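Asker: Structure provided below as structure tokens; questions to follow.
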Protein chains: 2
Amino acid sequence: MRAVTVTPGVAGSTTLRDVPSPTLDAFSGGRGVLVRVLRVGLDGTDQEITAGEYGTAPPGDDFLILGHESLGVVEEVGPAVTEVAPGDLVVARVRRAGTSIYDRLGMPDMTTDDEYWEHGISRVHGFLTERYVEEPEYLIRMPAGLREVGILLEPTSVVEKGIHQAEEIQRRLKVWEPRRAVVLGAGTIGLLATMALRVRGVEVITAGLEEPPHLNADLVEALGATYVSTRQTPVPQMAREMGQADLVFEATGFSPLVFEAMCILLGKNGVIVLSSVTGGSKRVEVPSDAINLDFVLGNKVMVGTVNANREHFERGVRDLAVAEARFPGWLERLLTHPVHGLESWEKAFELLGEPGVIKTYLEVAPLP
Amino acid sequence: MRAVTVTPGVAGSTTLRDVPSPTLDAFSGGRGVLVRVLRVGLDGTDQEITAGEYGTAPPGDDFLILGHESLGVVEEVGPAVTEVAPGDLVVARVRRAGTSIYDRLGMPDMTTDDEYWEHGISRVHGFLTERYVEEPEYLIRMPAGLREVGILLEPTSVVEKGIHQAEEIQRRLKVWEPRRAVVLGAGTIGLLATMALRVRGVEVITAGLEEPPHLNADLVEALGATYVSTRQTPVPQMAREMGQADLVFEATGFSPLVFEAMCILLGKNGVIVLSSVTGGSKRVEVPSDAINLDFVLGNKVMVGTVNANREHFERGVRDLAVAEARFPGWLERLLTHPVHGLESWEKAFELLGEPGVIKTYLEVAPLP
């Protein structure tokens, strides 16, 4: 079968090649599930791996099949699989469990291992191919009614992990009823965070660079949230005009903003969730006494979040369903740039980060 | 009766004066408790208030009685008080409840009110006097066997609050068994944090400025912890040689260290607790991309902590008792500079921050 692969660490090595088809016996005990790939979303991680910045091939291979945002349909299951059945739509989790206590408790997203096992990223092949085999614990069933937007589950799971971390942390307060959130960033993650918070009834202000009129601003406002362009209203002005937030969700990728937001935008007892993977080397001067004092006197929290576990994928399915019921058609508006066929992978990669592109994805096979 | 008072906001206004004696009927419903003051500890907050930096007089008064670290003995109780009895040793909590939901749930330390009610600091008189009246819910009973070190309970409660916040936050991990902690700062708070973590069986590395041989270093080592002088071993070298920590407790008052420690010293899933009140205006350049990335990929948390509620005082009593049982005489070694009599208040204030001084306190009346 065909697959889009990369030689990890080698820029420009991405190619479409033939790879062996996977078989159910990849997992012992009759626990394999053969999935036919329908769609694969692309994001900045895929872009960075194709640029040779990171990525690791599976043991024994010298290439890595790309792709970690997937939607597929179960074709065949091993005799010991009861969780899914042929015909089920499924999304695969990205990180497989390692060996730490957190991996063994179902939280590989909190692993303390040094090495990760992540489909399409590190040591496990991804989904930019025709079929894959997984164990049922790593597959999330997607309701048929969400098939058109199912590809959004993986990025939604990252948002759910971040919000769940905030909720877990705020159990320290015994009562936490966040009224207002600020989402920094209006890309895919920022928009999905806005959605997940609006679904919870939180008042949301989402800040992006672009000045309205703009598609991303429209999408924010369509959720009953407020869009603010940081070009028009810098963060300090935003805080003065709108007041402080119980929750700040950072998804801009611009790290200096973190240190501005943690102080100015975050109210007492508040939590700032950091979700951006910032691989650069930016430095910034910060008012260290003031930030520290503000955190201390306000009992504030900052938490970093990466990846997601099964619970976050399940929460994502529920939020996608509620969003679809409450804001019909909104999720589909994020799917701005479908590209047909694995053979068109170059076109899909070229679209990443282009103006007007929210989500680009490859249609590997037609939806059932 | 006599009291050491300040005119808030006026440097050099501290004086010993006569004030009206308090009476049980200060609280309605027969809930007053009259306490005779035995000892009052001093710290940087008292120093800053006497310097006119902050502090607020109670409504109706133009002066504030100083002092928030106390040990006293109950002299008389109102008819509806069952919690304490005459002869009981007690320590008063510092912050009284305001109006926010957290105040009403017994967590005034997490108040979202703009104004605080804090004995000796803001809007309520302190304990640098002969007697005070309080409600029993604000009094913590101190076992007679801890009378000599009871004055340490208030600073210990601040440490307990910080550690408890870390524990509450780490419930997000379902399992958290911290093995190694780094305490930054070897002053009173740093030493008490070292004690509280050693009592919990955690391996502790405590960093101070001073080079051994030095009393504070000796006190750290006496707990079975490791003392490191940051003059001899800067933080990056410390991290390289000793590895990363599950918990970092910051108590130096030097804010640039926060941004160094949060990245280099803190391990995956770790928590850094900020406890220093840094009223200055220091600025520092930080590697913002690297700090953000490290927090994200490591699911790390930073939390600010201030004040303490009843639970933290109660935990403090238990930890003082265990410390006394396990490291007999250690707590008393912190009480380096007793000063006799309210009339000697100037001498006690002069000792604050002097070399070799860990804890200075006024002996207002002899221990029973």
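Values quoted throughout were computed directly from the atomic coordinates according to the rules given, and no laboratory measurement underlies them. Since this is a predicted model, take the numbers as computed values, not measurements. Methodologically, a virtual Cβ is constructed for each residue, glycine included, from the backbone with ideal geometry; neighbour enumeration extends over all protein chains shown.
Asker: Answer with one residue from B:Pro234, B:Ala80, B:Pro22: the one whose Cα lies farthest towards the positive end of the charge dipole of chain B, charges on Cβ with Lys, Arg +1 and Asp, Glu -1.
Answerer: B:Pro234
Asker: Step through the table entries A:Lys268/B:Lys174; A:Lys174/B:Lys268; A:Lys174/A:Lys359; A:Lys268/B:Lys300; A:Lys161/B:Lys161; A:Lys161/A:Lys268, compare each Cα-Cα distance with 29 Å, and write down the pairs that go over it. Please list the in-between numbers first.
Answerer: Details: A:Lys268/B:Lys174 26 Å; A:Lys174/B:Lys268 26 Å; A:Lys174/A:Lys359 38 Å; A:Lys268/B:Lys300 20 Å; A:Lys161/B:Lys161 27 Å; A:Lys161/A:Lys268 22 Å.
Listed pairs above 29 Å: A:Lys174/A:Lys359.
Asker: To the nearest 0.05, how large is the calculated FRET efficiency for B:Lys174 and A:Arg200 if R₀ is 25 Å and r is the Cβ-Cβ distance?
Answerer: Numbers: r = 23 Å, r/R0 = 0.91.
Here the calculated transfer efficiency is 0.65.
Asker: About the Cα centre of region A:85-227, how large is the charge dipole given +1 on each Lys and Arg Cβ and -1 on each Asp and Glu Cβ? Please answer in debye to the nearest 20. All intermediate terms of the calculation are to be shown ahead of the outcome.
Answerer: Values: 16 positive and 22 negative charges, 100 e Å.
That gives a dipole near 480 debye.
Asker: Take the alpha-carbon centre of region B:287-359, take the same for region A:32-73, and report the distance between them in whole Å.
Answerer: For region B:287-359 versus region A:32-73, the Cα centre distance is 50 Å.
Asker: How far is the Cα center of region A:156-209 from the Cα center of region B:219-269, in Å?
Answerer: 32 Å
Asker: Rank these for me by crowding, A:Ser275, A:Ser229, going from fewest to most other beta carbons within 10 Å.
Answerer: Details: A:Ser275 25, A:Ser229 18.
Placing the least packed residue first, the sequence is A:Ser229, A:Ser275.
Asker: A further question follows. Return the long-range amide H neighbours of A:Ser70 (sequence gap of 5 or more, or a different chain), with a cut-off of under 5 Å between placed amide H atoms.
Answerer: Amide H neighbours of A:Ser70: A:Gly41, A:Ala92, A:Glu154.
Asker: Also, quick follow-up: What does chain B give for Rg and for Dmax, in Å, if only its C-alpha atoms count?
Answerer: 20.6, 62
Asker: Determine how many Å³ per residue the convex hull of the Cα atoms of the protein assembly as shown encloses. Provide the component values of the computation, followed by the final result.
Answerer: Details: hull volume 125.3 nm³, N = 736.
Convex hull volume per residue, Cα atoms: 170 Å³.
Asker: Give the relative contact order (percent, whole number) for chain B; include only Cα pairs under 8 Å separated by 6+ residues.
Answerer: Values: 818 pairs, mean separation 66.0, N = 368.
About 18 percent, as a whole number.
Asker: Could you size up the charge dipole of region B:1-44 around its Cα centre, putting +1 on the beta carbon of Lys and Arg and -1 on that of Asp and Glu, and report it in debye to the nearest 20?
Answerer: On the way: 5 positive and 3 negative charges, 25 e Å.
It comes to approximately 120 debye.
Asker: Under the classification rounded if a/c is under 1.5, otherwise prolate if a/b is larger than b/c and oblate if not, where does region A:110-157 fall, given a ≥ b ≥ c as square roots of the Cα gyration tensor eigenvalues? Can you show the working numbers first?
Answerer: On the way: a/c = 2.11, a/b = 1.63, b/c = 1.30.
Note, shape of region A:110-157 comes out prolate.
Asker: Turning to a different aspect of this structure: Could you give, in nm with one decimal, how far B:Glu241 is from each other copy of that position, shortest first, with labels 7 Å out from Cα toward Cβ?
Answerer: Sorted ascending, the copy-to-copy spacings read 5.3 nm.
Asker: Then there's this: For n ≥ 4 DSSP H runs only, could you compute -39500 (n - 2.57) per run for chain B, divide by its residues and tell me the 222 nm figure to the nearest 500? Intermediate results must be reported in sequence, preceding the final value.
Answerer: Details: 11 runs with 105 residues, N = 368.
Here the helix-only value at 222 nm equals -8000 deg cm²/dmol.
Asker: Starting with the fewest neighbours, write out B:His119, B:His214, A:His125 ranked by other beta-carbon atoms found within 10 Å of each beta-carbon. Walk me through the numbers on the way to the answer.
Answerer: Details: B:His119 26, B:His214 17, A:His125 21.
Ascending number of Cβ neighbours within 10 Å: B:His214, A:His125, B:His119.
Asker: Considering just Cα atoms, how many Å³ per residue does the convex hull of region A:174-214 enclose? Each step should come with its number before you reach the end.
Answerer: Values: hull volume 3.1 nm³, N = 41.
Dividing the Cα hull volume of region A:174-214 by its residue count gives 76 Å³.
Asker: Taking the label point as lying 7 angstrom from Cα along the Cα-to-Cβ axis, what are the distances from B:Thr7 to the corresponding position in the remaining copies, in ascending order and in nanometres?
Answerer: Going from nearest to farthest copy, the values are 8.1 nm.
Asker: At 7 angstrom along the Cα-to-beta-carbon line, where would the label on A:Gly353 sit relative to the other copies? Give the distances in nm, shortest first.
Answerer: Between copies, matching label points for A:Gly353 lie 5.0 nm apart.
Asker: Follow-up question, since we're still on this one. Strictly greater than 19 Å: what percent of every Cα pair in region A:77-161 meets that?
Answerer: Working: 1614 of 3570 pairs.
For region A:77-161, the fraction of Cα-Cα distances above 19 Å is 45 percent.
Asker: Which shape class applies to region A:13-143: rounded if a/c is under 1.5, otherwise prolate when a/b exceeds b/c and oblate if not, where a ≥ b ≥ c are the square roots of the Cα gyration tensor eigenvalues?
Answerer: Working: a/c = 1.63, a/b = 1.19, b/c = 1.37.
Oblate, because a/c is 1.5 or more while a/b does not exceed b/c.
Asker: Stokes-Einstein D for region A:101-255 at 37 °C, 0.692 mPa s, Kirkwood Rh over Cα pairs, in µm²/s? Before the final figure, lay out each step's value.
Answerer: Details: Rh = 17.8 Å.
Reported coefficient: 185 µm²/s.
Asker: First select every other residue whose beta carbon is under 15 angstrom from the beta carbon of B:Glu210; then total the charges, Lys and Arg +1, Asp and Glu -1. List each step's numbers first, then the result.
Answerer: Values: positive: B:Arg231; negative: B:Glu211, B:Asp218, B:Glu221, B:Glu354.
Surrounding charge for B:Glu210 is -3.
Asker: At B:Asp18 and B:Leu367, where each label point lies 7 Å from the Cα along Cα→Cβ, what is the point-to-point distance in nanometres?
Answerer: The two pseudo-label positions are separated by 3.3 nm.
Asker: Please list, in chain and number order, the residues 5+ apart from B:Ala51 or on another chain whose amide H is under 5 Å from its amide H, with Hs placed from the backbone.
Answerer: none
Asker: Please give the residues of region B:1-40, grouped as numeric ranges, whose backbone N is less than 17 Å from a label point set 7 Å along the Cα-to-Cβ vector of B:Glu346.
Answerer: B:3-7, B:11-18
Asker: How high is the relative contact order of region B:176-237, in percent, counting Cα pairs under 8 Å that sit 6 or more residues apart? Don't jump to the answer; show the numbers that get you there.
Answerer: Values: 94 pairs, mean separation 19.7, N = 62.
Reported as a whole number, the value is 32 percent.
Asker: So for region A:181-296, averaging the separation of alpha carbon pairs under 8 Å that are six or more residues apart and normalising by length, what relative contact order in percent results? Mind showing how you got there, number by number?
Answerer: Details: 189 pairs, mean separation 28.7, N = 116.
Across region A:181-296, relative contact order equals 25 percent.
Asker: If amide H atoms are built 1.01 Å from N in the plane of the peptide, which residues on other chains or at least 5 residues away come under 5 Å of the amide H of A:Met142?
Answerer: It is A:Leu89, A:Val90, A:Val91, by chain and number.
Asker: Lys and Arg at +1, Asp and Glu at -1: add these up for the other residues within a Cβ distance under 10 Å of B:Glu154 and post the number.
Answerer: On the way: positive: B:Arg93; negative: B:Asp43, B:Glu69.
The answer is -1.
Asker: In sequence order, what are the phi-derived ³J(HN,Hα) couplings for region B:12-25 according to the Karplus relation 6.51 cos²θ - 1.76 cosθ + 1.60 with θ = phi - 60°, rounded to whole Hz, with x for glycine and proline?
Answerer: My calculation for region B:12-25 gives x, 8, 5, 7, 9, 9, 8, 10, x, 6, x, 10, 4, 6 Hz in order.
Asker: Suppose the Debye formula is applied to equal point scatterers at every Cα of region B:220-368; what is log10 I(q)/I(0) at q = 0.15, 0.17 Å⁻¹?
Answerer: Values returned for q = 0.15, 0.17 Å⁻¹ are -1.07, -1.26.
Asker: How do A:Leu293, B:Leu265 line up, fewest other C-beta atoms within 10 Å first?
Answerer: On the way: A:Leu293 21, B:Leu265 26.
With the fewest neighbours first, A:Leu293, B:Leu265 line up as A:Leu293, B:Leu265.
Asker: Which distance in nm do the two modelled labels at A:Glu76 and B:Val322 give, with both placed 7 Å along the Cα-to-Cβ direction?
Answerer: 5.8 nm
Asker: If you look at just the Cα atoms of region A:199-244, how large are its Rg and its Dmax in Å?
Answerer: Here Rg and the maximum Cα pair distance are 10.6, 28 Å.
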